[in-house]
Structure formats: C-alpha cells, structure tokens
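Student: Before anything else, here's the structure in question.
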Amino acid sequence: MPDPEELLSRAELARRCGVSSTTLRNWTRIADRPLAATIISPDMAMYTWAALLRFCDDHPGMPAVRIVRRYTSARRAWATTQTRQRYEPPSET
C-alpha cells in the first residue's frame, strides 16, 4: 500500500487502483464531493491515496469505486502473503 499522502500522477494512481485515468479525471469533475487533486500546472494534477480512499468512502455505490475496493483488497492480500512468505522464520524440524 502506498504512502497515503504521497503525490501521484493520475496515470500512476490509476495503475495502482485498477481504474482508468479518465475515470479519475471524471471523479475530480463531479459536483458532489469530487476526488481531491493538487493542481501542479494547468494541464497537470496530482492525487493522494488518502484522497482516493475518502472519495471511495463518500461514493460506495459507484461501479468504479467497487472496482477500486476489490482491486486494492486483492493487492493487499497478495502483499500480505508475500510478506509472510518472505519473513516467516524457518520451521524447526
């Protein structure tokens, strides 16, 4: 899981959460509790993982939000499995 406050480009956040960058851009444009973005220049915005999670909490019924939730849950489960395999002490035989 990334640092919740790390600034990510729209493309990077989209890659990490399993939706398209267009979906993220659209989420920044909705009227009701949009996805928060930090505007870097007129043609570039940066996002945080924390802002994405807040957006998902605010809009649980949106189809793409459900995709983000499933995708991030699967990634978290995979990372946990990898960490356990990597750092489990050897069994005593």
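Student: So which GluC sites (Glu not before Pro) in segment 1-52 are both in a DSSP loop and have at most 14 other Cβ atoms within 10 Å of their Cβ?
Tutor: E5, E6
Student: Based on the mean of other Cβ atoms within 10 Å per residue, sort peptides 18-27, 57-66 so the most packed one is first.
Tutor: Descending packing order for the listed peptides: 18-27, 57-66.
The numbers here are math on the coordinates, done by the rules we state, and not lab data. Since we're looking at a predicted model, the values are computed, not measured. All Cβ positions, glycine included, derive from the backbone under ideal geometry; neighbour counts span all protein chains shown.
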